[in-house]
Amino acid sequence: MDVAVACRVLSVSRSGYYDWLGRPPSLRGQAHDPADATGKTLVHADLHAGNLLIADHRAFVIDWALASHAAPWVDAALLAPRLIAAGHTSHATHVLLESLPVWQYAPWETIFGLAATLTLFREYEARYGPPRLRTRRKQVADAGHTWLRTHAG
């Protein structure tokens with residue numbers, strides 16, 4: 001992705017980006033390892049209301065087209081912006097995630113990196129994706145920004 005586009009999408013000035021780029025990595029930045037998101041757990045990778053089927057007082061997860069292996073907390077991290085987009089507060093989403101045993105061992109730096117990457121991807125989809133999906137992608141991107149702002153720092 002072009003630097004100008006990324007800066008515009010993330011509401012960051014180009015000079016701010018280049019200032020940041022020239023700084024030595026912070027301890028938090030040094031600790032982040034995308035490999036922390038890998039694992040042997042089967043994850044859905046696209047949980048949302050449209051992929052949940054409720055029948056006979058039970059919930060079924062459907063449409064496993066993006067299924068893959070990852071760390072056990074990845075589905076929860078990917079679901080967070082969708083919960084916010086559905087009307088849950090960032091705080092309520094945080095409380096829910098904190099209640100999950102797998103969340104207790106999730107590396108925060110990797111969660112934050114995954115959330116930022118997904119939010120940027122949703123912004124891109126909102127601008128350039130199929131027109132019929134742009135509005136929803138924008139809602140999820142906005143929710144991702146909300147979640148990131150709430151948990152930054």
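Taking the conditions exactly as written (in contact with a helix residue (DSSP H, G or I) (Cβ under 8 Å, 6 or more places away or on another chain), in contact (Cβ under 8 Å) with a residue 12 or more places away in the chain and either closer than 27 Å to residue 41 by Cα or crowded, with 20+ Cβ neighbours inside 10 Å (or both)), does residue 64 satisfy them or not?
No; evaluated as a whole, the condition is false for this residue.
For segment 21-47, which positions are at pLDDT 70 or above, surrounded by 10 or more Cβ atoms within 10 Å (Cβ to Cβ) and hydrophobic (A, V, I, L, M, F, W, C)?
Result: 37, 42, 43, 45, 47.
Of the conditions (1) within 13 Å of the chain's Cα centre (by Cα); (2) farther than 19 Å from residue 68 by Cβ; (3) in contact (Cβ under 8 Å) with a residue 60 or more places away in the chain, residue 113 satisfies every one except a single condition; which number is it?
(2)
If the Cβ limit is 9 Å and pairs must be 6+ apart or interchain, which residue in segment 80-104 that is of a type in the set (Lys, Arg) pairs with which residue that is exposed (fewer than 11 other Cβ atoms within 10 Å of the Cβ)?
The qualifying pairs are 82/49.
Residue 16 - would you say it is in contact with a Cys (Cβ under 9 Å, 6 or more places away or on another chain), in a helix (DSSP H, G or I) and either outside the structural domain of residue 71 (by TED's automatic domain parsing) or at pLDDT 75 or above (or both)?
So residue 16 passes the test.
Here is a check on your reading of the model: is residue 93 within 16 Å of the chain's Cα centre (by Cα) and farther than 17 Å from residue 48 by Cα?
no
Every residue, every condition in (1) assigned to a helix (DSSP H, G or I); (2) in contact with a Leu (Cβ under 6 Å, 6 or more places away or on another chain), yes or no:
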site	(1), (2)
59	no, yes
69	no, no
72	no, no
79	yes, yes
104	yes, no
109	yes, no
139	yes, no
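Taking the stated definitions as given, is residue 133 under 25 Å from residue 36 (Cα atoms), assigned by TED's automatic domain parsing to the domain that holds residue 46 and among the aliphatic types (A, V, I, L, M)?
no
Working carefully through the options 74, 140, find the one that is touching a residue at least 40 places away in the same chain (Cβ under 8 Å), touching a strand residue (DSSP E or B) at 6+ places or on another chain (Cβ under 6 Å), assigned by TED's automatic domain parsing to the domain that holds residue 51 and crowded, with 17+ Cβ neighbours inside 10 Å.
Selected residue: 74, the only one of 74, 140 that is touching a residue at least 40 places away in the same chain (Cβ under 8 Å), touching a strand residue (DSSP E or B) at 6+ places or on another chain (Cβ under 6 Å), assigned by TED's automatic domain parsing to the domain that holds residue 51 and crowded, with 17+ Cβ neighbours inside 10 Å.
Scan segment 41-60 and report the pairs whose first residue is aromatic (Phe, Trp, Tyr) and whose second residue is surrounded by 10 or more Cβ atoms within 10 Å (Cβ to Cβ), with Cβ atoms within less than 6 Å and a gap of 6+ or a chain change.
Sorted first by the residue in segment 41-60, then by its partner, the pairs are 60/53.
The values are calculated or read from the model by the stated rules, or taken from the named source; none is laboratory data. These figures come from a predicted structure and were not determined experimentally. A quick note on method: Cβ atoms are made from the backbone with ideal geometry, for glycine too, and the neighbour counts reach across all protein chains shown.
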